[in-house]
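The next block holds one structure in the form of structure tokens; read it before the comments.
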């Protein structure tokens with residue numbers, strides 16, 4: 001399974017490098033703009049958080065691109081020609097966004113570190129912005145995979161799998177909605193919201209692996 005995950009990363013490398021390059025360009029542009037506007041711009045922690053946010057966003061947006069190509073199931077059939085089982089294929093599918101999130105976190109950390117060295121300080125509030133966007137996109141990526149498997153289960157007339165998929169989908173959306181409302185009412189903090197995104201994503205990941213493991217074909 002780990003060799004398959006590595007193969008998927010190698011296959012996606014051009015998109016990943018391109019996405020990170022674009023994000024780095026945006027970070028440079030933002031830095032120049034914020035330096036020109038001075039005190040008329042956003043608070044320093046918000047400016048720092050926005051720079052890190054774009055570096056986290058880039059790999060996860062690549063994850064959505066991978067999902068679009070994955071819907072054709074050509075990559076799935078190719079990987080299953082080896083010793084990989086459908087359940088292991090499901091593990092690869094849900095772990096790839098985890099790796100992409102990790103790459104984004106490292107990239108954002110480098111941007112934060114460079115900024116801290118230049119400015120001489122770092123405001124922890126910046127982590128709220130980057131963490132919120134990263135956790136949100138990660139959860140949405142996993143929910144997107146679940147939706148794909150719900151459609152596949154419907155196509156294959158696996159009624160029980162369809163029910164599990166859509167119930168999990170609805171539960172995930174409701175939980176995220178409840179978290180956003182709780183934040184608006186100041187019942188939870190930004191840190192709780194990031195953790196909530198990760199918990200929802202973990203539950204969706206388990207359901208997705210089970211659904212892919214129960215596939216009857218990959219011929220879409």
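Taking the conditions (1) assigned to a helix (DSSP H, G or I); (2) in contact (Cβ under 8 Å) with a residue 24 or more places away in the chain; (3) over 19 Å from residue 17 (Cβ atoms) in turn, residue 78 satisfies each one other than (2).
Between 49, 18, 25, the distinction of being within 19 Å of residue 104 (Cβ to Cβ) and touching a helix residue (DSSP H, G or I) at 6+ places or on another chain (Cβ under 6 Å) belongs to 49 only. Exactly one residue out of 113, 46 is surrounded by fewer than 19 Cβ atoms within 10 Å (Cβ to Cβ), more than 20 Å from the chain's Cα centre (by Cα), assigned to a helix (DSSP H, G or I) and at pLDDT 95 or above, and it is 113.
When we screen 92, 119 for residues that are buried (at least 17 other Cβ atoms within 10 Å of the Cβ) and either touching a residue at least 40 places away in the same chain (Cβ under 8 Å) or closer than 16 Å to residue 137 by Cβ (or both), the only hit is 92.
Results for (1) modelled with pLDDT of 95 or more; (2) outside any helix (DSSP H, G or I); (3) closer than 23 Å to residue 95 by Cβ, shown as yes or no for each residue.
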{"residue": "117", "(1), (2), (3)": "no, no, no"}
{"residue": "129", "(1), (2), (3)": "no, no, no"}
{"residue": "135", "(1), (2), (3)": "yes, no, yes"}
{"residue": "146", "(1), (2), (3)": "yes, no, yes"}
{"residue": "157", "(1), (2), (3)": "no, yes, no"}
{"residue": "167", "(1), (2), (3)": "yes, no, no"}
{"residue": "188", "(1), (2), (3)": "no, yes, no"}
{"residue": "210", "(1), (2), (3)": "yes, no, yes"}
{"residue": "218", "(1), (2), (3)": "no, yes, yes"}
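Tell me, yes or no, whether segment 168-180 has at least one residue that is closer than 20 Å to residue 59 by Cβ, surrounded by 15 or more Cβ atoms within 10 Å (Cβ to Cβ) and in contact with a helix residue (DSSP H, G or I) (Cβ under 7 Å, 6 or more places away or on another chain). No, segment 168-180 contains no residue that is closer than 20 Å to residue 59 by Cβ, surrounded by 15 or more Cβ atoms within 10 Å (Cβ to Cβ) and in contact with a helix residue (DSSP H, G or I) (Cβ under 7 Å, 6 or more places away or on another chain).
Residue 155: surrounded by fewer than 19 Cβ atoms within 10 Å (Cβ to Cβ), within 30 Å of residue 85 (Cβ to Cβ) and over 14 Å from the mean Cα position of the chain (by Cα), yes or no? It is true that residue 155 is surrounded by fewer than 19 Cβ atoms within 10 Å (Cβ to Cβ), within 30 Å of residue 85 (Cβ to Cβ) and over 14 Å from the mean Cα position of the chain (by Cα).
The values are calculated or read from the model by the stated rules, or taken from the named source; none is laboratory data. The structure displayed is predicted, hence computed values, not measured ones. Ideal geometry is used to build each Cβ from the backbone, glycine not excepted, and the neighbour counts take in all protein chains shown.
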